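Enquirer: Have a look at this one before I ask anything.
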Amino acid sequence: MLSSTATTELDPFSPQILALLDRAAAFCTTRASRLTDTRRLVLGLILDSSKPVGAYDILDHLRQYQRNAAPPTVYRALDFLLAQGLIHRIERMSAFIGCAHRLECHHGHGCGHRAQFLICSGCGAVSEVEDSEISHAIASAAQKIGFKPHQSTVEIEGLCAICQQG
């Protein structure tokens with residue numbers, strides 16, 4: 001479920017989300033691409049959610065701001081955001097989450113990373129981690145068989161600390 005931190009219809013996000021959206025727009029500019037109003041809104045809706053969000057949930061909320069929004073509108077925006085590395089798709093959940101590393105990176109917009117996700121089967125929370133040992137293990141295993149990975153995403157399902165206590 002998307003949270004409702006809306007301040008106005010034209011400025012529906014908190015200052016923290018707006019700062020991330022501004023970083024995302026600047027990042028897109030460095031890559032000669034553009035974070036259009038629709039893409040920005042879709043990204044904002046994803047970032048504003050406390051959990052990964054599905055395409056149709058995004059569409060439902062997008063229609064509050066763009067009445068005629070249709071599934072292709074959302075899927076085109078998601079494809080763009082994925083290609084730019086601004087979001088991740090959590091395959092296990094068929095949902096999307098903002099890329100914490102890309103949006104909060106302070107050592108340059110050109111950095112890349114290999115993401116690992118810890119998915120709580122109790123409450124649905126997802127944490128993005130970037131453990132270089134896991135990335136190196138994958139690269140080493142791939143190299144042993146002559147495989148060159150272009151991208152890797154590891155999804156690990158279990159119980160978060162809160163759900164373990166409950």
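The values are calculated or read from the model by the stated rules, or taken from the named source; none is laboratory data. All of these numbers come straight from a predicted model, not from anything done at the bench. Cβ placement follows ideal geometry from the backbone for every residue including glycine, while neighbour counts extend to all protein chains displayed. Only protein heavy atoms, including side chains, enter the accessible area calculation; ligands, DNA and RNA are left aside. Shrake-Rupley method; radii C 1.70, N 1.55, O 1.52, S 1.80 Å.
Enquirer: Considering the stretch 59-68 alone, what residues qualify as being without any contact (Cβ under 8 Å) to a residue 40 or more places away in the chain and either in a helix (DSSP H, G or I) or buried (at least 19 other Cβ atoms within 10 Å of the Cβ) (or both)?
Expert: Hits for the stretch 59-68 are LEU59, ASP60, LEU62.
Enquirer: Let me ask something additional. Residue under question is ILE138, and the condition is that it be in contact with a strand residue (DSSP E or B) (Cβ under 7 Å, 6 or more places away or on another chain) and either at pLDDT below 95 or part of a helix (DSSP H, G or I) (or both); does it hold?
Expert: The answer is no for ILE138.
Enquirer: Follow-up question, since we're still on this one. Which pairs have Cβ atoms under 7 Å, sit 6 or more apart or on different chains, and link a residue in the stretch 35-58 that is without any contact (Cβ under 8 Å) to a residue 40 or more places away in the chain and open to solvent by less than 10 Å² (accessible area, probe 1.4 Å) to one that is part of a helix (DSSP H, G or I) and small (Gly, Ala, Ser)?
Expert: VAL42/ALA77
Enquirer: Can you work out which of the residues in the stretch 11-33 that are touching a Phe, Trp or Tyr at 6+ places or on another chain (Cβ under 9 Å) and part of a loop (DSSP other than H, G, I, E, B) is modelled with the highest pLDDT?
Expert: By that ranking, first place goes to SER33.
Enquirer: Further question: Which residues, taken from the stretch 142-166, are farther than 28 Å from CYS123 by Cβ, open to solvent by 60 Å² or more (accessible area, probe 1.4 Å) and in a helix (DSSP H, G or I)?
Expert: If the condition is that a residue be farther than 28 Å from CYS123 by Cβ, open to solvent by 60 Å² or more (accessible area, probe 1.4 Å) and in a helix (DSSP H, G or I), then GLN143, LYS144 are the ones that fit.
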